[in-house]
Amino acid sequence: MTTPTPSDPGVTGRPWPGAGRFAPSPTSDLHVGNLRTALLAWLFARHSGRRFLVRIEDLDTARVAHDPAVAERQLTDLHALGLDWDGEVVRQSQRLEAYAAAVARLSESPGSYPCFCSRREIAEAVSAPHAPPGAYPGTCRRLTAIEQSERAARRPAALRVRGGDVTVEVVDTLAGRFGGPVDDFVLRRNDGAYAYNLAVVVDDLAQGVDQVVRGDDLLSSAPRQAWLTEQLGGRTPTYAHVPLVVNRHGQRLAKRDGAVTLSRLATRGIGADAVRSMLGASLGLAEAGEPVTAAELLARFDPAALPRAPWVWDLDA
Ligand code: GLU
């Protein structure tokens, strides 16, 4: 299937339907928390008549060696859960030219500059009186060309966008209004890799994504991404940051929590259909133990009725 473009009304003649997406990093198999987020992203997209896209966020090859089999298993698991998607799966590692073009554009306006700070220097720098925690203190913002070249001889530079220290508010379907700082954040790291915030925004724009559904650990990234979207001439998508799945100690679910992936659950006799049913029950869309298809979950889906608290995964409870 070819992917329509915003100027292409498609065969139905309807206006551009917009798109939602699920964008896993292929670092390890999806666990039930990731699968629940994927299901929610699919439900939100399909419920609103949008296309649904899958994007593999395999940009971080300098730090993490990606086993291509992991991404393939992630796709297989999404299918097993009954989720379908439109068009080809996009891989960020294939999109470096698009990121380079966006960096060039942003460097024209609002501007960018090389940053030679280490993490430690940033942590130790004295921030401006009202700067939010973690915001870049601006150390390299006003270096002269001579200072820049002196530092470049010692350490490769990251590239930061001139964020202007504004606060941007986004409206989240679940969290409501959320304001956050836009500091001079990193566009390209000092190992040459494009930063997550840049790649996500460039890809969402290029793919016509106008609905972002993902884990609420990423809510704090939304103001920067919304701002960057506007700098690149786009319109801010709608956001729904969904509660994470936690273990019985209230900690974010992780691989160490035992049988949390479809393959590990299968060895305990819990197949993909049973997992779909558990996820559906956790969302208030199915009775405990009720066999249910993805289409049935979609027919019952009501964004306003979604549980707002983290879901506790405890197989042995
Ligand atoms: N790749 C990110 C992750 O796996 C998700 C990025 C996004 O949805 O914006 O956590």
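Scanning the stretch 239-267 for residues that are open to solvent by 70 Å² or more (accessible area, probe 1.4 Å) and either outside any helix (DSSP H, G or I) or more than 18 Å from residue 81 (Cα to Cα) (or both) yields 248, 249, 251, 252, 255, 256.
Yes or no: the stretch 29-42 includes at least one residue that is of a type outside the set (Phe, Trp, Tyr) and within 23 Å of residue 191 (Cα to Cα). Break it down stepwise before answering.
Keep residues of the stretch 29-42 that are of a type outside the set (Phe, Trp, Tyr), which gives 29-41.
Applying the additional criterion that residues be within 23 Å of residue 191 (Cα to Cα) yields none.
No: the stretch 29-42 contains no residue that is of a type outside the set (Phe, Trp, Tyr) and within 23 Å of residue 191 (Cα to Cα).
Within the stretch 268-279, is even one residue more than 14 Å from the ligand (Cβ to nearest atom), open to solvent by less than 20 Å² (accessible area, probe 1.4 Å), β-branched (Val, Ile, Thr) and touching a helix residue (DSSP H, G or I) at 6+ places or on another chain (Cβ under 8 Å)? Yes, the conditions are met somewhere in the stretch 268-279. A single member of 211, 225 is in contact with a helix residue (DSSP H, G or I) (Cβ under 9 Å, 6 or more places away or on another chain), of a type outside the set (Phe, Trp, Tyr) and either without any contact (Cβ under 8 Å) to a residue 40 or more places away in the chain or more than 16 Å from the ligand (Cβ to nearest atom) (or both), and it is 225.
Out of 218, 285, I need the residue that is of a type in the set (A, V, I, L, M, F, W, C) and either within 12 Å of the ligand (Cβ to nearest atom) or part of a helix (DSSP H, G or I) (or both). Which one? Before you say what the answer is, go through the steps one by one.
Numbers: 285 fails: either within 12 Å of the ligand (Cβ to nearest atom) or part of a helix (DSSP H, G or I) (or both).
Going through 218, 285 in turn, just one is of a type in the set (A, V, I, L, M, F, W, C) and either within 12 Å of the ligand (Cβ to nearest atom) or part of a helix (DSSP H, G or I) (or both): 218.
Could you list, in sequence order, the residues of the stretch 23-33 that are touching a residue at least 60 places away in the same chain (Cβ under 8 Å) and either charged (D, E, K, R) or near the ligand (Cβ under 8 Å from one of its atoms) (or both)? Residues satisfying the conditions are 23, 29.
Scanning the stretch 228-250 for residues that are away from the ligand (no atom under 13 Å from the Cβ) and either under 11 Å from the mean Cα position of the chain (by Cα) or within 18 Å of residue 169 (Cα to Cα) (or both) turns up 230, 231, 232, 233, 234, 235, 236, 238.
Among the residues of the stretch 34-77, none is identified as buried (at least 21 other Cβ atoms within 10 Å of the Cβ), more than 9 Å from the ligand (Cβ to nearest atom) and among the hydroxyl-bearing types (Ser, Thr, Tyr).
The values are calculated or read from the model by the stated rules, or taken from the named source; none is laboratory data. Just so you know, these numbers come straight off a predicted model, no measurement behind them. Here Cβ is always computed from backbone atoms with ideal geometry, including for glycine, and neighbour counts include all displayed protein chains. Please note that ligands, DNA and RNA were not included when accessible areas were found on the heavy atoms of the full protein model with its side chains. Shrake-Rupley method; radii C 1.70, N 1.55, O 1.52, S 1.80 Å.
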